[in-house]
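The block underneath contains the structure these notes are about, expressed in structure tokens.
The values are calculated or read from the model by the stated rules, or taken from the named source; none is laboratory data. Keep in mind it's a predicted model, so treat the numbers as computed, not measured. Virtual Cβ from ideal backbone geometry, glycine too; neighbours counted across all protein chains shown. Side chains are part of the model used for accessible areas, which takes the heavy atoms of the whole protein and leaves out ligands, DNA and RNA. Shrake-Rupley method; radii C 1.70, N 1.55, O 1.52, S 1.80 Å.
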Amino acid sequence: ESGERERERERETIVMVVLTAISLVGRKWLHQESYSFDEQMNFTSPGEKDVLVIKPSQYWFFGFKDRDLEEEYLNDLAVVSMARIFLGYSMCAVFVLFTQVLGVLPWVISSTDQTWVGRFEVAISLYSLAFITFITCLVISFLVYRSPGFMSKRVVLHVTELAFLAYVVLIGVRFAVIWEYFEKVWGPEGWLTGFLTEYGPVFMALFFMNLPFDQTFEITAFAFATFMIIIPLSKGAW
């Protein structure tokens, strides 16, 4: 059962990451338009507002069909979102440190039951890895922003996406073990309440970090599939 659950989680990870891979690797295939604002701008008389005759075409999920325009847009988005991204990373790191890492540490120190000590040590290892992931990605993002030679600031957006996907995988391993504890504390369907209070707040950062829609959707869908479908169904929680 454990092996099957791991295989399901691996398949889900591949499905979520493949969309980003298509966007990055399949640039030539996605490039279906060469848009020029100068050609499509209807210049009016002085004092009046200029109007675009034709707006740039977009895919429903992958952004502009002009991939040069899409790259320019993502680069500008990363630059203007710098403060939001730093704040989001900081909030996630602080939340994981104080509610998860330090929340489990007293149990590791005080417990005398070696079975529970082992479980708590696994938990604190997973939480510590999650904390390190956010801090590492924060540092990488800071270095990208500060480096004058690193012109492609949009890399920060992909680094941020990977940070959240890694968090889902790490916490998914922990959640598969602790869901029964949530049931005892919160009652029937308590695993849902436990997830929302224990791990849910980290994902709230997504909605003000200003990531593109496709990346926000990928992270949200991956988290939903992991915590609301795969693990509960495999454990008989639904």
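Things worth noting here:
- Among the candidates V173, V169, V139, the residue that is among the aliphatic types (A, V, I, L, M), open to solvent by less than 70 Å² (accessible area, probe 1.4 Å) and without any contact (Cβ under 8 Å) to a residue 60 or more places away in the chain is uniquely V173.
- Residue check for F131: open to solvent by less than 10 Å² (accessible area, probe 1.4 Å) and part of a helix (DSSP H, G or I): no
- Which numbered condition E183 fails, given (1) among the charged types (D, E, K, R); (2) crowded, with 21+ Cβ neighbours inside 10 Å; (3) closer than 26 Å to V104 by Cα: (2)
- Here the range 155-164 is the region considered, the condition is being surrounded by fewer than 20 Cβ atoms within 10 Å (Cβ to Cβ) and under 11 Å from the mean Cα position of the chain (by Cα), and the residue that is farthest from L129 (Cα to Cα) is H158.
- Residue in the range 176-198 that is under 23 Å from V94 (Cα atoms), modelled with pLDDT of 90 or more and not aliphatic (A, V, I, L, M) present: no
- The single residue among D66, D76 that is more than 18 Å from the chain's Cα centre (by Cα) and at pLDDT 85 or above turns out to be D76.
- Residues in the range 202-209 include at least one that is free of Cβ contacts under 8 Å to residues at least 24 places away in the same chain, out of contact with any Phe, Trp or Tyr (no Cβ under 9 Å at 6 or more places or on another chain) and open to solvent by 50 Å² or more (accessible area, probe 1.4 Å).
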